[in-house]
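Have a look at the structure below, then the notes.
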Amino acid sequence: MNTGNWWWDTYDQPPAGATIVPFICASDKTHLTIFPHNQHAWPLFPTISNIRKDIRQTPKKKPGLLFGPIPYPPKGAKSTEVAWHSTVGTVLFSLRNLDVTGPRLKWNCADIFHRQCYPVLAAWVRDYPEQVIIAPVSYGSCPVCEIPDSALMGDSTCQTLDNSRDQHVYPELLDETKHDVLHTLHVHQIRNQFWQFPLCNFYHLCQPDELHQLILGLVKDVLHWLLK
């Protein structure tokens with residue numbers, strides 16, 4: 001991540017001398033019990049990008065910690081998405097209310113130096129069902145762009161960069177009760193907690209899920225096409 005444009009663009013926002021600490025979160029719906037209540041939860045695992053890749057990929061080093069399972073609403077609940085966003089907003093309260101122009105957090109780093117740090121939410125690893133809930137958008141639509149369902153496989157009239165979702169537009173539409181416009185864009189009428197996180201473009205947080213989207217998705221389809 002430190003070789004990407006995101007890191008360099010983000011460093012232009014805080015005061016000079018600040019150290020950005022990118023937070024990477026991962027979550028996935030998990031079965032807790034099957035009988036008698038069929039309970040579920042979303043375990044939330046955060047880590048930071050300042051850790052070297054070889055250390056982060058070694059489980060015994062414990063580069064990521066379990067914040068705790070996000071409770072799943074019982075059957076019959078009005079909205080799973082509202083409950084999810086409310087819980088995550090509470091868990092990540094300190095990140096959401098960070099003042100990027102105010103005093104920094106003094107952290108002791110692994111090289112014994114003290115640095116003035118700003119923790120920023122940078123990426124969220126999840127599969128497509130979680131992306132739909134976190135976005136929150138209608139199932140089957142793209143959580144990153146506004147390209148129609150019928151044009152997801154490629155359309156000369158749709159350019160991804162021109163149709164990227166804008167987190168600054170949706171709150172205004174929600175405040176002005178323009179629900180018909182949100183419905184057209186497949187965006188649910190829910191105030192997304194991630195819209196309030198500083199230095200965070202929520203629709204750029206989506207990272208591919210290695211198992212479902214790469215190995216079982218893209219790679220599997222490419223191999224199937226090559227073997228034909």
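Quick notes
- A full extension of the chain between HIS204 and TYR139 corresponds to an added length of 21.5 nm, given 0.36 nm per residue minus the alpha carbon distance.
- Label-point gap, in nm, between THR90 and GLN196 - each point 7 angstrom along Cα→Cβ: 1.4
- In order along segment 175-188, the phi-based Karplus estimate (6.51 cos²θ - 1.76 cosθ + 1.60, θ = phi - 60°) of 3J(HN,Hα) comes to 5, 8, 6, 8, 5, 5, 5, 4, 5, 5, 8, 6, 9, 6 Hz; Gly and Pro are listed as x.
- Amide proton proximity set for VAL21, modelled H, under 5 Å, gap of 5+: TYR118, VAL120
- Protection proxy ranking, peptides 121-130, 104-113, average beta carbon neighbours within 10 Å, highest first: 121-130, 104-113
- The modelled label-to-label distance for the pair ARG115/VAL181, using points 7 Å beyond Cα in the direction of Cβ, is 4.1 nm.
- Amide H contacts under 5 Å for ARG115, placed H, 5+ residues apart: TRP107, CYS109
- Extension gain, LYS60 to ASP99: 0.36 nm times the residue separation minus the Cα-Cα distance gives 10.6 nm.
All of the numbers you see were taken from the coordinates with simple rules; none came from a lab. Not measured: the values here are computed from a predicted model. Reconstructed Cβ throughout: ideal geometry from the backbone, glycine too, with neighbour counts over all protein chains shown.
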